[in-house]
Every structure is written in C-alpha cells, then in structure tokens.
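Everything below concerns the one structure shown next.
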Amino acid sequence: MLEISDLKAWRLREPVSKRAYTVVKVQAGSLSGYGECGAATAEQVDRAKKIALKREATAYEAIRRDLASLTGMQSAVDMALLDITGKFAKAPVYQVLGGPTRNKVRAMAMLDGSDPVASMKSAREAGYRAFSVPVPQIGARNQGRAFVDAANKRMEALRAAGGEDVDFVLDGGGALSPGDSGSVAAALERFHLLWFDEPCVISNLSALRKIAAETVTPLGFGRTIHAPGRFQDLLREDAIDILRPSLAQNGITQLRRMAVIAETYYVAVAPYHDGGPVMTAAALQLAAALPNFFIQQIPAAASEQDRKMRAEIAGASLETVKDGYAALPTGPGLGITVNEEALRKYEESAG
C-alpha cells in the first residue's frame, strides 16, 4: 500500500524576476513525490491535504478529480502523485504514461520585452534556438498602424541579430483587439513565425476564425483554459494551430487529455510554463509522452541569483539546453532530486 501520509508546500519567489510558485511534497510510505503550481494559499494547501490524506498514491486520477475546485493544487498534487508512481515502478513518468515518443525536447526561451535583442543573445548563448517575443508595449486597446510598424521593427531587429537558424513566436498575451491581431498576423507573415501566441482573448470564436482564415501565420491559444471542452470548440472552428494549455493550471494528466483531443485534429501541443524547475521536470516528462508535442517553453532565468535558486532546488543540469534541445530526465518519477534545504531557504526569503 502507498497510502498518503502527509502533504506540505513551500511558497517561493525568485529574488530578481519575482516569479512566484508553490512546490508541493506528498509523502506515501517511504516514497515522496513533488509537484508545482502557481502561488497557492495556506487554505488551499490545507484543503488539498484533507482530500488527499489516507488515499492510495497511485490513484492519481481519482484524487485529481476530487481536487477539481482547487485548480492549482490539483495540478501540483497530480505531478507529485505521478512522481511517486514512477518511483514505485522504478521508471520515469514518461514510461508510466506509455512513452517515450522522443529522446530530447525542443526548448523555447521567453525574452525580456524591455530589451529583446540583448535577451535573445543571452538565451542563445545558453543554448536556445527558439524564442518567445513579447509584442511592443500596448498603450490602448486599438493600436492601429503605428503598433504594426513597431512589431515589424522588433522582429526585423531580432531576425538580423539572431540569424537564419533561429525561430520566433510572437506573444500577444491576450492584450490586442481582434482587428489589431489580424493586422499584425498578416504583416508578420514574411518572418514565418512558429505561431502568434494569444493575440487576443478567447471570447468570440467567429473573430478568431476570421483571423485564422485571413493569415498564414499560425495561431496559438490556451494558457487560460482549464476545461478540455473549450479547446474542442476552438478546434472545431479551425481557429487554433497550436494548443497552449498551462501546465500550472492543468497538471500532467489533464494536459495529456487535452493533447489527445488535439491529436484528432492534427494540431500540435506546446504547453505554457512560466513557473519553477519542478514544473520544468514535469514538462519534460510530459513532452516525452505526447506524440503531437511541438516545443516546450522553459523560463530562462535572466539573473544569476534566479539561476542559482533554480539550480539549488532541482539541480543545474535540468534546465540546461544544448543546440535548442533539453535532455530528458532519466531517473524514476520526475527524474529529479529536490533539495528541501533550498526550498526552506528560499521560502524564508520570499516574504
């Protein structure tokens, strides 16, 4: 029996980026598993603990359903239980899920919008060959021609500095109007973007379908979606080219279910991840198990302090990228050894 005997959490914040996330530990017998989600409250952790205690750790799907009202904790506990299941089976999580479908994972770095060229050069030196580029600063809901020109100039500068062997995603963050989204997507066709990410909010399927029909630039949506059925609506309307569900919101099991739906429409999956290193380990395990996986966004720490923190928590090799690819963790479970001393250290400095 692998009965869950304890659940605890550490709320962390990186010193420079201020990126916040929560690392969860589930104990079952002699095995412990780790997961991660966004910032979680003490109340959410306590509620999740009450639901999980004395349950069988390998029943991760049943427990995940019972945690449905606690979206973030649901994801973290799902990862932790899969970590335990993998350790119990002495196999990586991707083997538990039926993989691997690949032996390395294509990686993408998020650039700093204040100086994207310098940020790209730093990420390129770190081994990345694909980059998520934030759109220029937005002053109003409807931007017009000046904004399209600014986006053009940003991409021209990045292409000139990066050369021809790199790829770009333009990240709209859901902040543009549908009209501006369509104008930018059409104007940037010549850059052959991997996709235009979250150009506008997902509220009007007809508007999204119109944008998709009027440009060859692929569109990516999904970081705010938690229900698989919402993705099915986008897929049926032919309004999405890249599925972008958030790993922090959905966890491994739910995101895998979404990927299965997308596969029937020949749509690729590129999970959204802006969290900590434990989630990176989960992302790499999931990537290895998905036949329709495309690329994994990995938060590239912009400062030495943030980089040191992430390395202390889960090891320096985990987020190492070489020639555009990250290696799969090969140990059992998530394949990492979490340093609880580092968790306590950075929880104290989180404030």
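Test D238 against the criterion of being assigned to a loop (DSSP other than H, G, I, E, B), acidic (D, E), in contact (Cβ under 8 Å) with a residue 24 or more places away in the chain and assigned by TED's automatic domain parsing to the domain that holds E156, and give yes or no.
Numbers: assigned to a loop (DSSP other than H, G, I, E, B): yes; acidic (D, E): yes; in contact (Cβ under 8 Å) with a residue 24 or more places away in the chain: yes; assigned by TED's automatic domain parsing to the domain that holds E156: yes.
Answer is yes for this residue.
Looking at the range 292-305, can you tell me whether even one residue there is in a helix (DSSP H, G or I), free of Cβ contacts under 8 Å to residues at least 60 places away in the same chain and not aromatic (F, W, Y)? Break it down stepwise before answering.
Of the range 292-305, the ones in a helix (DSSP H, G or I) are 304-305.
Adding the requirement that they be free of Cβ contacts under 8 Å to residues at least 60 places away in the same chain leaves 304.
This time we only want the ones that are not aromatic (F, W, Y), so: 304.
Scanning the range 292-305, I find at least one residue that is in a helix (DSSP H, G or I), free of Cβ contacts under 8 Å to residues at least 60 places away in the same chain and not aromatic (F, W, Y), so the answer is yes.
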* Asked: Quick check: is even one residue across the range 314-329 touching a strand residue (DSSP E or B) at 6+ places or on another chain (Cβ under 9 Å), in a helix (DSSP H, G or I) and not assigned by TED's automatic domain parsing to the domain that holds T22?
  -> yes
* **Number of the exception - A187 against (1) surrounded by fewer than 22 Cβ atoms within 10 Å (Cβ to Cβ); (2) under 25 Å from the mean Cα position of the chain (by Cα)** => (2)
* Scan the range 1-55 residue by residue and report those that are surrounded by 21 or more Cβ atoms within 10 Å (Cβ to Cβ) and acidic (D, E). => E14, E36
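Does A151 fit the bill of being hydrophobic (A, V, I, L, M, F, W, C) and either surrounded by fewer than 20 Cβ atoms within 10 Å (Cβ to Cβ) or not assigned by TED's automatic domain parsing to the domain that holds T320 (or both)? Lay out the reasoning, then the answer.
Working: hydrophobic (A, V, I, L, M, F, W, C): yes; either surrounded by fewer than 20 Cβ atoms within 10 Å (Cβ to Cβ) or not assigned by TED's automatic domain parsing to the domain that holds T320 (or both): no.
Considered against the rule, which asks whether it is hydrophobic (A, V, I, L, M, F, W, C) and either surrounded by fewer than 20 Cβ atoms within 10 Å (Cβ to Cβ) or not assigned by TED's automatic domain parsing to the domain that holds T320 (or both), A151 comes out as no.
Just to check your reading of the model, which residue among V24, V16 is in contact (Cβ under 8 Å) with a residue 60 or more places away in the chain and either assigned to a loop (DSSP other than H, G, I, E, B) or of a type in the set (V, I, T) (or both)?
Working: V24 fails: in contact (Cβ under 8 Å) with a residue 60 or more places away in the chain.
On inspection, the qualifying residue turns out to be V16.
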* Could you tell me whether the range 59-68 includes any residue that is among the hydroxyl-bearing types (S, T, Y), touching a Ser or Thr at 6+ places or on another chain (Cβ under 7 Å), under 30 Å from R11 (Cα atoms) and crowded, with 20+ Cβ neighbours inside 10 Å? => yes
* Pick from the range 220-243 the residues that are over 12 Å from I261 (Cα atoms) and crowded, with 24+ Cβ neighbours inside 10 Å: which of them is nearest to the chain's Cα centre (by Cα)? -> G222
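Mind telling me which of the residues A62, A109, A40, A48 ends up being without any contact (Cβ under 8 Å) to a residue 24 or more places away in the chain and either of a type in the set (G, A, S) or part of a loop (DSSP other than H, G, I, E, B) (or both)?
When all the criteria are applied, what remains is A62.
The values are calculated or read from the model by the stated rules, or taken from the named source; none is laboratory data. Computed from a predicted structure; not experimentally measured. Because the Cβ atoms are built from the backbone with ideal geometry, glycine has one as well, and the counts that use them run over all protein chains shown.
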